[in-house]
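Trainee: Take a look at this one; I'll ask things after.
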Amino acid sequence: MNNQNLLILEPTTHRGIVLLSARELDKMRRVGQLAANLLKHLESMVQPGVSTQMLNDEAERWTQANGAISAQLGYAPPGHPPFPRSICTSVNEVVCHGIPNPKQILKDGDIINIDVTPILDGYHGDTSKTFLVGNPSASARKLVEVTQECMMRGIAEIKPGARVGDIGAAIQEYAEANGFSVVREMVGHGVGRQFHTEPQIPHYGKRGSGLKLRPGMVFTVEPMLNEGTREIKFLSDLWTVITKDKKLSAQFEHTVAVTEKGVEILTLP
Ligand code: MF3
Ligand code: CO
Ligand code: CO
């Protein structure tokens, strides 16, 4: 953080993008740790026979017990009804925003992304991982591994002066080199006091293009990779996103801060 920001209590902006002060970054670190720990806690429950509703209910209980609230419960951006649960659980062909349901029981060989976003002291921590249920196929495991590696390669591009397009290019190159496709419609996003704000962070793109990164920017990197076509469909609940060909999709997400030195992953446990 630069000296100037250290003195500023209210967020500053650059080209309409919020730059967090050192004080705010501290709050983001705290909620980032909370989000990472929640995900770890839920991971210990993932096994055949568990319903996605049970994961949701434990997430809600744990979040409250830790003095936080879920940003997802009741979230209603334009064009969507209020999200009816506290976490997203996206199984197999579900790309993202799967809605926990007591009738949806995990079975051996499934993959499930759990996406959590607690709010602590007014700040959001947004992170997700895709977990293996029992013993998925070798191709499912490869999709999950490559997706996590794509997220980390995207994050590794981040430093002051780098561009948003560098992140997307790194992700797209590694995904396509491994025979997978990258979802275009859903992007990473600025996060802080607000859940979803500028800048948008596409998970595909051209090196050297797009917004230049600056210290104090905080956003998510959350690539979704598909086994087959990158095309998606929305279900009639207006939330659940699935692959058009019903093949598998995986996702990983971290919230990161651009620092003077490079990048800090705020949701690393
Ligand atoms: N956490 C998701 C993201 O990464 C957003 C979920 S919004 C919800 O941006 F309403 F579906 F929960
Ligand atoms: Co998320
Ligand atoms: Co997000």
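The values are calculated or read from the model by the stated rules, or taken from the named source; none is laboratory data. In this text, all values refer to a predicted model and were calculated from it rather than measured experimentally. For neighbour counting, all protein chains shown are included, and Cβ atoms are generated from backbone atoms with ideal geometry for every residue, glycine included. Calculation scope for accessible area: heavy atoms of the full protein, side chains included, ligands and nucleic acids excluded. Shrake-Rupley method; radii C 1.70, N 1.55, O 1.52, S 1.80 Å.
Trainee: With the condition kept exactly as written, say whether any residue in the stretch 190-198 is closer than 21 Å to Thr127 by Cα, within 16 Å of ligand 1 (Cβ to nearest atom), open to solvent by 10 Å² or more (accessible area, probe 1.4 Å) and basic (Lys, Arg).
Mentor: So far as the stretch 190-198 goes, yes, one or more of its residues are closer than 21 Å to Thr127 by Cα, within 16 Å of ligand 1 (Cβ to nearest atom), open to solvent by 10 Å² or more (accessible area, probe 1.4 Å) and basic (Lys, Arg).
Trainee: Additional query: Scan the stretch 219-234 residue by residue and report those that are within 16 Å of ligand 1 (Cβ to nearest atom) and either closer than 18 Å to Arg153 by Cβ or open to solvent by less than 10 Å² (accessible area, probe 1.4 Å) (or both).
Mentor: If the condition is that a residue be within 16 Å of ligand 1 (Cβ to nearest atom) and either closer than 18 Å to Arg153 by Cβ or open to solvent by less than 10 Å² (accessible area, probe 1.4 Å) (or both), then Phe219, Thr220, Val221, Glu222, Pro223, Met224, Leu225 are the ones that fit.
Trainee: Also, I was wondering about something else. Those residues that are open to solvent by 10 Å² or more (accessible area, probe 1.4 Å) and of a type outside the set (Ser, Thr, Tyr), I need them from the stretch 122-137; list them, please.
Mentor: Gly122, His124, Lys129, Phe131, Leu132, Gly134, Asn135
Trainee: Taking the residues in the stretch 24-64 that are hydrophobic (A, V, I, L, M, F, W, C) and more than 22 Å from Gly192 (Cα to Cα) as candidates, determine which candidate is surrounded by the fewest Cβ atoms within 10 Å (Cβ to Cβ).
Mentor: Restricting to residues being hydrophobic (A, V, I, L, M, F, W, C) and more than 22 Å from Gly192 (Cα to Cα), the top hit is Met45.
Trainee: May I pose another question? Kindly indicate the residue of the stretch 138-149 that is surrounded by fewer than 19 Cβ atoms within 10 Å (Cβ to Cβ) and among the small types (Gly, Ala, Ser) and also farthest from Gly228 (Cα to Cα) among those meeting that condition.
Mentor: Ala138
Trainee: Here's something else I'd like to know. Please enumerate the residues belonging to the stretch 68-90 that are open to solvent by 60 Å² or more (accessible area, probe 1.4 Å) and in contact with a strand residue (DSSP E or B) (Cβ under 7 Å, 6 or more places away or on another chain).
Mentor: Ile69
Trainee: Which ones in the stretch 91-121 are open to solvent by less than 30 Å² (accessible area, probe 1.4 Å) and either within 10 Å of ligand 1 (Cβ to nearest atom) or under 17 Å from Ala36 (Cβ atoms) (or both)?
Mentor: Answer for the stretch 91-121, where residues must be open to solvent by less than 30 Å² (accessible area, probe 1.4 Å) and either within 10 Å of ligand 1 (Cβ to nearest atom) or under 17 Å from Ala36 (Cβ atoms) (or both): Cys96, Gly98, Asn113, Ile114, Asp115, Val116, Thr117, Pro118.
Trainee: Which pairs have Cβ atoms under 9 Å, sit 6 or more apart or on different chains, and link a residue in the stretch 87-101 that is of a type in the set (Gly, Ala, Ser) to one that is part of a loop (DSSP other than H, G, I, E, B)?
Mentor: Close Cβ pairs satisfying both conditions: Ser90/His97; Ser90/Gly98; Ser90/Thr240; Gly98/Gln104; Gly98/Trp239; Gly98/Thr240.
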